[in-house]
């Protein structure tokens with residue numbers, strides 16, 4: 001049964017933000033829908049349950065945060081305090097949410113809330129109070145991915161004061177992370193990194209092509225060369241680390257760097273050249 005068929009079967013089906021009375025509610029692709037109880041038989045309910053998203057488990061505190069952050073409640077779970085959000089995209093999750101939550105909790109060894117937006121999209125919320133030290137995701141993401149046998153992608157927010165604008169930021173942050181994860185192969189991205197990654201969207205197709213070609217010149221058609229240059233830049237010019245990521249010998253990566261400089265005249269060890277080249281790659285991609 002596809003969603004359009006569901007709409008045809010139940011004309012009174014509607015998208016909602018909270019659970020109305022006397023209605024059967026369910027989620028499809030993270031969105032909440034409702035059908036009046038009088039329109040449904042027991043068998044239809046079972047079919048819809050099989051078709052809908054699996055219910056995600058939250059504590060009462062986590063539910064309160066989700067209601068506030070998604071604009072369903074104006075009551076702030078905490079007052080005048082900073083938090084930090086980490087969006088975790090889980091690309092190959094085969095575990096149940098409660099099992100995965102327990103595994104992550106053991107690895108982090110920190111007090112953190114788990115806000116499931118979708119089965120493969122988890123938002124970790126840290127309360128930055130007192131002498132609390134934020135989780136050093138930069139140091140442990142590789143260990144987390146390996147130990148959990150998951151392909152994890154993280155986007156981390158700046159410290160955020162909880163106020164009436166927080167739900168607006170939350171929506172922007174999730175939408176931005178969704179775009180950012182398609183723009184880079186990096187496992188971890190910080191809030192400020194999104195500026196350069198999403199800047200190309202502000203240009204027209206023609207502008208992206210002209211600017212990209214003017215900087216990359218004859219190298220733009222060599223996909224392997226461009227991928228290598230981009231990876232080296234994303235590793236802050238560390239050729240050894242880039243070679244490990246690319247599964248290449250260090251000398252092979254260095255050879256491509258030399259070739260790129262010969263073709264374009266740009267030396268990515270120079271900050272201005274590096275910035276222009278990285279933006280140009282983002283533009284042509």
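The values are calculated or read from the model by the stated rules, or taken from the named source; none is laboratory data. Owing to the predicted nature of the structure, the values given are computational and were not obtained by experimental measurement. Note that we place each Cβ from the backbone using ideal geometry, even for glycine, and neighbour counts take in every protein chain shown.
Miscellaneous remarks
- Pick from the range 150-180, criterion at pLDDT below 90 and assigned to a loop (DSSP other than H, G, I, E, B), ranking: surrounded by the fewest Cβ atoms within 10 Å (Cβ to Cβ): 151
- Qualifying residues in the range 26-52 (those that are at pLDDT below 85 and assigned to a strand (DSSP E or B)) - the one nearest to the chain's Cα centre (by Cα): 31
- Selection count, the range 181-208, where residues are in a helix (DSSP H, G or I) and in contact with a strand residue (DSSP E or B) (Cβ under 9 Å, 6 or more places away or on another chain): 4
- Candidates 73, 94: the one that is at pLDDT below 90, assigned by TED's automatic domain parsing to the domain that holds residue 130 and either over 19 Å from residue 174 (Cβ atoms) or part of a strand (DSSP E or B) (or both) is 94.
- Cβ-Cβ distances below 8 Å connect no pair with a first residue in the range 241-260 that is closer than 12 Å to residue 224 by Cβ and assigned by TED's automatic domain parsing to the domain that holds residue 142, a second residue that is surrounded by 13 or more Cβ atoms within 10 Å (Cβ to Cβ) and modelled with pLDDT under 95, and a separation of six or more residues or different chains.
- If you filter the range 3-18 down to residues that are in a loop (DSSP other than H, G, I, E, B) and under 27 Å from the mean Cα position of the chain (by Cα), you find that the one that is farthest from residue 70 (Cα to Cα) is 16.
- Considering 46, 31, the condition of being closer than 24 Å to residue 121 by Cβ and either surrounded by 13 or more Cβ atoms within 10 Å (Cβ to Cβ) or outside the structural domain of residue 126 (by TED's automatic domain parsing) (or both) is satisfied by 31 alone.
- Residue tally, condition outside any helix (DSSP H, G or I), farther than 22 Å from residue 197 by Cα and within 29 Å of the chain's Cα centre (by Cα), over the range 219-275: 2
- Residue count for the range 73-87, restricted to those that are without any contact (Cβ under 8 Å) to a residue 60 or more places away in the chain and either under 19 Å from residue 104 (Cα atoms) or surrounded by 15 or more Cβ atoms within 10 Å (Cβ to Cβ) (or both): 1
- Test: residue 184 is closer than 30 Å to residue 123 by Cα, assigned by TED's automatic domain parsing to the domain that holds residue 275 and touching a helix residue (DSSP H, G or I) at 6+ places or on another chain (Cβ under 7 Å): no
- Matching entry among 216, 188 (being farther than 22 Å from residue 115 by Cα and surrounded by 13 or more Cβ atoms within 10 Å (Cβ to Cβ)): 216
- Among (1) in a helix (DSSP H, G or I); (2) touching a helix residue (DSSP H, G or I) at 6+ places or on another chain (Cβ under 9 Å); (3) without any contact (Cβ under 8 Å) to a residue 40 or more places away in the chain; (4) not assigned by TED's automatic domain parsing to the domain that holds residue 123 - the single one residue 215 does not satisfy: (3)
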